[in-house]
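Quick notes on the structure that follows.
The values are calculated or read from the model by the stated rules, or taken from the named source; none is laboratory data. Just so it is clear, the structure is predicted and the values come from calculations on it, not from any experiment. Every residue, glycine as well, gets a Cβ built from its backbone with ideal geometry; the counts of neighbours run over all protein chains shown.
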Amino acid sequence: MSRSTARRSAMTAAAIVALLAPAAAGTAAAAPHEYRIAPAHSEKCLDVLGGNTGDDADIVQWTCDGRTSQRFSATLASNDRWMFWSQGTEKCLTAVFAGEEGGDVVQRTCDGGPAQRWRVEGQADYGYRIVSAYTDLCLEVEHASWEDGAEVRQFRCHGQDNQRFSFDQVDA
């Protein structure tokens with residue numbers, strides 16, 4: 001790794017920790033900051049479909065309206081791996097393995113396993129990429145859809161706006 005690449009990686013990691021740092025010290029019980037996670041292409045919110053509290057409920061995008069199923073908290077699971085859980089359901093974003101690409105992203109009871117760990121890469125100016133530590137695929141809104149209810153899935157990382165997200169802190 002070149003010195004400039006290492007420096008950029010360190011600065012990116014520092015920026016991500018600064019963004020989510022208050023959450024790093026928290027747990028679900030400690031009520032860390034809550035975030036609205038918005039895809040750059042649509043500026044809608046990640047949401048647990050229908051506010052469903054069961055395991056395997058789909059994660060979708062929906063017009064932001066402040067409901068708790070659109071509020072996510074994060075905790076640092078290990079070095080650069082984060083776990084995200086819905087404030088509305090207290091369940092974690094989970095990558096479902098489906099081969100090369102296109103795997104579902106659902107919520108499941110938090111167990112801290114590899115399928116619930118995510119890397120957050122990038123810079124706030126351009127949007128963050130959320131990468132499954134389990135599959136090494138990027139979180140994205142399927143087909144760059146603008147529709148409410150569009151599925152959030154994993155796909156080969158390509159850097160388009162449907163794979164870039166903002167983390168907007170919301171009042172608890």
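Condition first: farther than 23 Å from residue 34 by Cα and within 14 Å of the chain's Cα centre (by Cα). Can you find one or more residues in the stretch 110-129 that meet it? No, that holds for no residue.
In the stretch 146-156, of all residues being part of a loop (DSSP other than H, G, I, E, B) and out of contact with any Leu (no Cβ under 8 Å at 6 or more places or on another chain), the one that is nearest to residue 82 (Cα to Cα) corresponds to 150. Being assigned to a helix (DSSP H, G or I) and either buried (at least 19 other Cβ atoms within 10 Å of the Cβ) or out of contact with any strand residue (DSSP E or B) (no Cβ under 7 Å at 6 or more places or on another chain) (or both) is the filter here; which residues of the stretch 124-145 pass it? If the condition is that a residue be assigned to a helix (DSSP H, G or I) and either buried (at least 19 other Cβ atoms within 10 Å of the Cβ) or out of contact with any strand residue (DSSP E or B) (no Cβ under 7 Å at 6 or more places or on another chain) (or both), then 143, 144 are the ones that fit. Restricting 120, 170 to residues that are more than 23 Å from residue 79 (Cβ to Cβ), of a type in the set (Val, Ile, Thr) and surrounded by 14 or more Cβ atoms within 10 Å (Cβ to Cβ) narrows the list to 170. Restricting attention to the stretch 91-113, the residues that are farther than 11 Å from residue 56 by Cβ, in contact with a helix residue (DSSP H, G or I) (Cβ under 8 Å, 6 or more places away or on another chain) and modelled with pLDDT of 95 or more total 4. Residues in the stretch 111-137 that are in contact (Cβ under 8 Å) with a residue 40 or more places away in the chain and at positive phi: 122, 127.
Scanning the stretch 146-167 for residues that are surrounded by 15 or more Cβ atoms within 10 Å (Cβ to Cβ) and of a type in the set (S, T, N, Q) gives 154, 162, 163, 166. Among the residues that make up the stretch 88-102, is at least one of them surrounded by fewer than 19 Cβ atoms within 10 Å (Cβ to Cβ), without any contact (Cβ under 8 Å) to a residue 40 or more places away in the chain and aromatic (Phe, Trp, Tyr)? Yes, the stretch 88-102 has at least one match.
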